[in-house]
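One structure is given below, encoded as structure tokens.
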Amino acid sequence: MSGVLHLLRLSGTASIQDGGRPGFLRDGLSASGPMDRLAHAAANHLVGNPPDAAAIELGLASATLRVEGGPVRLALAGACGPLHCDGEPLADHRAFLLREGAALTLGRPRAGMFATLAVAGSFSLRPVLGSVALHRRAALGGLDGRPLREGDRLPIAGPAPAGEADSCLDPVPLESDRPIRVVLGPQDDLFPPEGLATFLQGTFTVSGQADRMGYGLDGPAIAHGEGGFNIVSDATVTGSVQVPGTGRPIVLMADRQTTGGYPKIATVISADLRRIAQRRPGEPVRFEAVDLATARQLAQARAATLDALSRNLRPVEGEAERLMAANLAGAAVDAFRDD
């Protein structure tokens, strides 16, 4: 262990997440893991960790942290807010060195819900079923089976790499203005045409009942078929869209239950899971149906984006030259000219 990250202040939610613990669905345990896997991988790549290494996931949070026992390299990615070290501004989506005793302040995100704060070397925590990812309802993983809170001290597993140049990445847009793409089913045949039309043509909003288990949506009620809203419980996946008796859909997320007895009208494609996860309560959600072949193509494209993260890292020292080469002022207008 090379040091400790001390959580001095926290507003919002925070938990330890890594790649999750797949393979336990038959035991009634979903995998957990990050709500935005792209942000999680980006933050880890920036500090030289494997993409699935344990990091802090912040949910609509602001926080102040201090490092004790030596310097550490950190990076913040995803839904980011203002970032300061002892009052001096820092950039997100880039690595930086936090000296011992310095205070890092993270502001509430400007847009989106979840950000990932990664530390070089990751954290020294005891795995449960092969993972340190917190599954809150099962009280597994994380720090003592619970979310993080003020006063927590997280042991860092490895030292900050000496002499390594800090790197940066271009943030991946949250694409909040586009519909969430879904594949209809597996129980879309239990809904009448008007119910399917409501789902695909209506505008919903994320309700106040939204967490890592599922996002309840407010909006027009989706009509069920003659069979009603109860089915024999069967398996769910992350992204399953259940429609209970209220007619208001629920999108199942990373900490979902593994089976459910409400009909599932559709499934959010894997490439769009981060996009629905980054919607805040009160923000609009629309759905668009795509076929399975399209969903596979988009999944492959997202996997390629994840694989390319490490190749897209740039040294911070080259940022000024890159911006100058872009000729950002080339389209400036002379206010004293008539044309």
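Read-outs: derived from the displayed coordinates by stated rules, not from any lab. Since this is a predicted model, take the numbers as computed values, not measurements. Positions of Cβ are generated from backbone atoms using ideal geometry, with glycine treated the same way; all protein chains shown enter the neighbour counts.
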Net charge over other residues, Cβ less than 10 angstrom from the Cβ of ALA277 (K, R count +1; D, E count -1): +3
So for the range 1-126, considering every pair of alpha-carbon atoms, how many percent are separated by more than 20 Å? 40 percent
Correct response: the longest run of the chain lacking exposed GluC sites (Glu not before Pro), defined by DSSP loop and at most 14 other Cβ within 10 Å, is 227-339
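If N is the number of residues in the range 59-98, what value comes out of its Cα radius of gyration divided by 2.2 N^0.38 Å?
1.17
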Furthest towards positive pole of dipole, GLN297, ILE222, SER122, structure part the chain, Cβ charges: SER122
Dipole size in debye (nearest 20) for the range 1-109 around its Cα centre, Lys and Arg Cβ +1, Asp and Glu Cβ -1? 80 debye
Assuming a viscosity of 1.306 mPa s and a temperature of 10 °C, what translational diffusion coefficient in µm² per second does Stokes-Einstein assign to the range 169-257, Rh being the Kirkwood radius over Cα pairs? 112 µm²/s
Which three semi-axes in whole Å describe the equivalent ellipsoid of the range 1-61, each the square root of 5 times a Cα gyration tensor eigenvalue, listed largest first? 22, 16, 12
FRET E, pair ARG311, ASP189, Förster distance 56 Å, beta-carbon r, rounded to 0.05: 0.80
So what J values fall out for the range 267-275 if you push phi through Karplus, 6.51 cos²θ - 1.76 cosθ + 1.60 with θ = phi - 60°, rounded to Hz, Gly and Pro as x? 9, 5, 5, 4, 5, 9, 4, 5, 6
Under 12 Å from the Cβ of ALA75, count the other residues' Cβ atoms, weight Lys and Arg +1, Asp and Glu -1, and hand me the total. 0
Let's test this: bin the Cα-Cα distances of the range 57-141 at 10 Å from zero up to the farthest pair and state each bin's percent. 17, 43, 32, 8, 0
Charges at C-beta only: +1 for Lys and Arg, -1 for Asp and Glu. How large is the resulting dipole of the range 155-283 about its Cα centre, in Debye rounded to 20? 160 debye
Can you compute the helix-only [θ] at 222 nm over the chain? Use -39500 (n - 2.57) per DSSP H run of at least 4 residues, normalise by all residues, nearest 500 deg cm²/dmol. -4000 deg cm²/dmol
Which helices, counted as full DSSP H runs in the chain, have an axial Cα extent of no less than 18 Å and a Kyte-Doolittle average of -0.5 or above? 292-308
Can you give the relative contact order of the chain as a percent, counting alpha carbon pairs under 8 Å and 6+ residues apart? 19 percent
For the range 18-63, the dipole about the Cα centre with charges only on Cβ (Lys and Arg +1, Asp and Glu -1), to the nearest 20 debye, works out at 80 debye
Collect residues whose amide H, placed 1.01 Å from N in the peptide plane, falls under 5 Å from the amide H of ALA210; neighbours closer than 5 in sequence don't count. GLY216
What residues of the range 24-43 lie in the reach of a label at GLN257, counting those whose backbone N is under 17 Å from a point 7 Å from the Cα along Cα→Cβ? 25-32
Would you mind telling me which residue in HIS40, HIS135, HIS84 has the biggest mean-square fluctuation in a Gaussian network model of the chain, where springs connect alpha carbons within a distance under 10 angstrom? HIS84
Can you run the Rg to Rh ratio on the chain? Use alpha carbon positions and the Kirkwood inverse-distance Rh. 1.02
So how much slack lies between LEU292 and SER124, counting 0.36 nm per residue of separation and subtracting their Cα-Cα distance, in nm? 56.4 nm
How high is the relative contact order of the range 86-165, in percent, with contacts defined as C-alpha pairs under 8 Å that are six or more residues apart? 26 percent
Rounded to whole Hz, the Karplus (6.51, -1.76, 1.60) HN-Hα couplings of the range 77-94, x for glycine and proline: 9, x, 7, 9, x, x, 10, 9, 10, 6, x, 8, x, 10, 9, 7, 6, 8
